[in-house]
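Notes for the one structure printed next.
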Amino acid sequence: MSNSPLINGTVLTDNHGYRNGCEIDTITPHYMCWYATGEQCAESFVPASRQASATYCIGKYGDIVLNVPEECKPWTTGSTPNDKRAITIECANYMEDADGHVYGQLPDATWDALVRLCADICQRYGKTRLWYLGDVDYNGIGPNDMLLTKHRWFQATDCPGPWLDQQFERLADEVNERLGVPVPDELHNR
C-alpha cells in the first residue's frame, strides 16, 4: 500500500521492522508529550539509539510527516502484535494548563489533521468504519472495520495522555462522519 497523500514531509528512520503479511486494520494514536512540529518529532526517531518510531508524526500546526513507510512495522507501542497491524501516529500536544488548554490536549490543527489522516487511512485500506471498542478486541472487528487502540493497553505508560485518552469515541465519530457511516450508540465503549 502507498503512504498517505496528506503528508507535508518525510523524515525516515531505520527504526522499524516488517509486517510479515499482517493486514493493516488498526490505528494507534499517541501523544508526543511535546509541543513540536511533525518534522521535529520524526527527527527525534532517526537515531538508532532511540529504538522507537511512528508511521506518522503530526505537529502543532497540523503538519503530517511520514517517519516509517506504511509497508513497514513501526516501533511505537512496545507490542509487536499491535505494531504489525497498526498505523501509529504521534501527535503534538500542549505541555501545560494555560490559555484555555489543558496538559496533553492536542492543538486544533493537530486534531483536524489526525481526523483527516485516520479517514484517509481507512479509505485507502477499504475500511468503511473506525471502531473504538474500549479494549483490544481484534475479534470484534469485521473485514471492513479499522480498530482504534491505545498505547497504554500494551505498556506501562500514560500515553495517549490524559486528554487524548478521553477523545477516542469522538475521534471515531468524526472519522466515521467523514466516511459517511453512522455508528450506533451501542458500539461505543462496549
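Taken together, the values in this text are just the output of simple stated rules run on the coordinates, not laboratory data. Nothing here was measured: the structure is a model prediction, and the numbers come from that model. So basically every Cβ, Gly included, is an ideal-geometry build from the backbone, and we count neighbours across all protein chains shown.
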*Return the sequence-ordered ³J(HN,Hα) values of region 93-103 in whole Hz as given by the Karplus equation 6.51 cos²θ - 1.76 cosθ + 1.60 applied to θ = phi - 60°, using x for Gly and Pro.*
8, 5, 9, 7, 7, 6, 6, x, 10, 10, 3
*Could you tell me the largest-minus-smallest coordinate of the C-alpha atoms of region 1-119 on each of the three principal axes, in descending order and whole angstroms?*
46, 32, 24
_Amide H of TRP131 versus every other amide H placed in the peptide plane: which residues, excluding those fewer than 5 positions away on the same chain, fall under 5 Å?_
MET146, LEU147, LEU148
*How large is ³J(HN,Hα) for each residue in region 163-168, as worked out from phi by the Karplus curve 6.51 cos²θ - 1.76 cosθ + 1.60 (θ = phi - 60°), to whole Hz, x for Gly and Pro?*
7, 5, 3, 8, 10, 5
*Peptides 17-24, 61-68, 101-108 ordered by average Cβ neighbours within 10 Å, highest first*: 61-68, 101-108, 17-24
*Could you go through region 67-80 in sequence order and give the Karplus-derived ³J(HN,Hα) for each residue, using 6.51 cos²θ - 1.76 cosθ + 1.60 with θ = phi - 60°, rounded to whole Hz, and x for Gly and Pro?*
10, 9, x, 4, 5, 9, 8, x, 9, 10, 9, x, 10, 4
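What is the calculated FRET efficiency for TYR103 to ARG178, with r their C-beta to C-beta distance and R₀ = 30 Å, to the nearest 0.05?
0.60
Work out the length of the dipole vector of region 130-178 about its Cα centre, built from +1 on the beta-carbon of each Lys and Arg and -1 on the beta-carbon of each Asp and Glu, and round it to the nearest 20 debye. List each step's numbers first, then the result.
Details: 4 positive and 9 negative charges, 28 e Å.
Using Cβ point charges on Lys, Arg, Asp and Glu, region 130-178 gives about 140 debye.
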*Contour minus Cα-Cα distance for ASN20 and GLN155 (0.36 nm per residue)*: 46.4 nm
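Hey, what did region 1-109 get for relative contact order, percent, Cα under 8 Å, at least 6 apart?
Working: 266 pairs, mean separation 36.7, N = 109.
RCO, region 1-109: 34 percent.
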*Pull up all non-local amide H partners of ALA86: gap of 5 or more, or a different chain, and H-to-H distance under 5 Å with H placed in the peptide plane.*
none
